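Remarks on the structure that follows.
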Amino acid sequence: MNPSELPGRPQIAYRGEALYIEDCAVADLARAHGTPLFAYSTAAMHDALAAYRRGFSGRKLLVCYAMKANSSLAILQYFARQGCGFDIVSGGELVRVLAAGGDPAKVIFSGVGKTRAEMRQALDAGILCFNVESEAELEVLSEVATQCGRQARVSIRVNPNVDPKTHPYISTGLKGNKFGIAHERTLAVYQRAAQLPGLQVAGIDFHIGSQITEATPYLDAIDRLLDLVEQIEAAGIPIKHLDFGGGLGIDYAGDTPPAADALWQELLAKLDARGFGERQFIIEPGRSLIGNAGLCVTEVLYLKPGEAKNFCIVDAAMNDLPRPAMYQAFHAIVPVQQRGGAGATYDVVGPVCESGDWLARERALNVQAGDQLAVLSAGAYCMSMASNYNTRGRAAEVLVDGGTARIIRVRETPDDMLRAERLLD
Ligand SMILES: *Cc1c(COP(=O)(O)O)cnc(C)c1O
């Protein structure tokens, strides 16, 4: 590896002492647009998507980008133009897909709590499939579809009861999780789906969790899924598509997730061996398409040395970057301009009035007030989870392509934040 490159993030690298994203100096982006600022690399998104497609070359594959990872309109537009569909989890996300020019016929709708109104909205839009997560939801969907005179294509999300060995908050395929239908119930639920009016069985799916760094749980889940497909089809119910979910991890801190192309080769070998290689496949990656394509630039406001700890107080906070506060997640933080000399060890914290408002702990940094830092791996589950806590406006975003950076979200103003509110008479 070139020492100026940052592992796992080939489009983000130092040139001399200055940090670049593709051919844009990060300091220039911060000067032009202010901080905190999210910047995303188009090339990194392209390469991540290409790796999935290489893994499935010669097969029938639909990539449904799990847009909750980053639902900014221009990001959706990029993936739509690349031919992707979308995995949505709310009616609001469907509105975003349509606003970004996405094809509703490539949308799958996941989530345990779809409302009747959301079902109607998705049926009217003509989505590809509902990924049904409970028997109660199946009954309601049948009712809603019948009422509006439509056919709802359905897939049952199977809970394969495998441990993805990730953080408990982002593990979804174990018996104790709220997601999916138990393996033992699956056949009975398909038989019910086949009888209910307004429903049309289309596929089967699983999604075992997020930030998965081991191939084994995936491979175990696929075996369990194929056992079910055989049973269901033997009962006379054809399954058109197989959906393997998302969840492939990225390198946050020296993590070594399986490479998309290698993992899918292994999976396809299994599918071929059992005679399923020619089916229509769907995958639902989120984090692995966008996570390491993004960074967040923040300015150092104050250094606060102390007896027990040194604090580096920056202008980004838990409302911009919620993952450390929510999951004790690690984000690498690097200087936008490297300095000579020794630094100190800091906790990097934001201005929000919560002790939970930290971005990084015990980091060696050589910084002064006024310097800028880049929080890496900030493409996924950052802006889409951002809030207005402490009445802080959401950050601006730019999409970098080579030497150009296009603003894709302007910084939120106090007026924007107050707009929906009403004073008493
Ligand atoms: C969140 C989610 C995904 C994407 O997960 P990543 O870890 O971001 O790849 C895919 N499918 C479903 C059903 C999800 O809830």
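The values are calculated or read from the model by the stated rules, or taken from the named source; none is laboratory data. Small disclaimer: the values here were computed from a predicted structure and weren't measured. Positions of Cβ are generated from backbone atoms using ideal geometry, with glycine treated the same way; all protein chains shown enter the neighbour counts.
The table below gives the values:
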| read-out | value |
| --- | --- |
| Restricting the stretch 305-353 to residues that are outside any strand (DSSP E or B) and aromatic (Phe, Trp, Tyr), the residue that is farthest from residue 391 (Cα to Cα) | 330 |
| Residue within the stretch 46-54 that is part of a loop (DSSP other than H, G, I, E, B) and either assigned by TED's automatic domain parsing to the domain that holds residue 153 or within 16 Å of the chain's Cα centre (by Cα) (or both) present | no |
| Criterion (in contact (Cβ under 8 Å) with a residue 60 or more places away in the chain and of a type in the set (Ser, Thr, Tyr)) met by exactly one of 4, 110, 57 | 110 |
| Filter pass, residue 240 being basic (Lys, Arg), out of contact with any Cys (no Cβ under 9 Å at 6 or more places or on another chain), surrounded by fewer than 16 Cβ atoms within 10 Å (Cβ to Cβ) and over 20 Å from residue 89 (Cβ atoms) | yes |
| Qualifying residue in the stretch 311-321 (condition: more than 16 Å from residue 36 (Cα to Cα) and either in contact (Cβ under 8 Å) with a residue 24 or more places away in the chain or in contact with a Leu (Cβ under 7 Å, 6 or more places away or on another chain) (or both)) | yes |
| Meets criteria (outside the structural domain of residue 333 (by TED's automatic domain parsing), within 21 Å of residue 47 (Cβ to Cβ) and at pLDDT below 95) for residue 219 | no |
| All strands (runs of 3 or more DSSP E) inside the stretch 366-413 with 1 or more residues being over 19 Å from residue 333 (Cβ atoms) | 396-401, 404-409 |
| Candidate set: the stretch 203-239, residues that are under 21 Å from the mean Cα position of the chain (by Cα), part of a loop (DSSP other than H, G, I, E, B) and of a type in the set (A, V, I, L, M, F, W, C); chosen: the one farthest from residue 178 (Cα to Cα) | 215 |
| Check on residue 325, within 23 Å of the chain's Cα centre (by Cα), within 16 Å of the ligand (Cβ to nearest atom) and in contact (Cβ under 8 Å) with a residue 12 or more places away in the chain | no |
| Extreme residue, farthest from residue 149 (Cα to Cα), among residues of the stretch 174-208 that are away from the ligand (no atom under 16 Å from the Cβ) and surrounded by 23 or more Cβ atoms within 10 Å (Cβ to Cβ) | 186 |
| For residue 110: the one exception among (1) hydroxyl-bearing (Ser, Thr, Tyr); (2) within 15 Å of the chain's Cα centre (by Cα); (3) more than 16 Å from the ligand (Cβ to nearest atom) | (3) |
| Test: residue in the stretch 275-285 that is within 13 Å of the ligand (Cβ to nearest atom), in contact with a strand residue (DSSP E or B) (Cβ under 8 Å, 6 or more places away or on another chain), in a loop (DSSP other than H, G, I, E, B) and not polar (S, T, N, Q) | yes |
| Subset of the stretch 14-45 (residues that are of a type in the set (A, V, I, L, M) and either crowded, with 22+ Cβ neighbours inside 10 Å or within 16 Å of the chain's Cα centre (by Cα) (or both)) | 19, 21, 26, 29, 37, 39, 44, 45 |
| Residue match in the stretch 79-88 (condition: surrounded by 21 or more Cβ atoms within 10 Å (Cβ to Cβ), within 19 Å of residue 204 (Cα to Cα) and out of contact with any helix residue (DSSP H, G or I) (no Cβ under 8 Å at 6 or more places or on another chain)) | no |
| Check on residue 133, within 15 Å of the ligand (Cβ to nearest atom), of a type in the set (Asp, Glu) and within 26 Å of residue 188 (Cβ to Cβ) | yes |
| Tally, over the stretch 239-274, of residues that are charged (D, E, K, R), under 30 Å from residue 190 (Cβ atoms) and either away from the ligand (no atom under 13 Å from the Cβ) or at pLDDT below 95 (or both) | 5 |
| Residue in the stretch 69-106 that is farthest from the ligand (Cβ to nearest atom), counting only those that are touching a residue at least 60 places away in the same chain (Cβ under 8 Å) and polar (S, T, N, Q) | 72 |
| Test set (1) more than 16 Å from the ligand (Cβ to nearest atom); (2) not in a strand (DSSP E or B) - residue 300 fails condition number | (2) |
| Among (1) touching a strand residue (DSSP E or B) at 6+ places or on another chain (Cβ under 7 Å); (2) under 30 Å from residue 267 (Cβ atoms); (3) part of a helix (DSSP H, G or I) - the single one residue 40 does not satisfy | (3) |
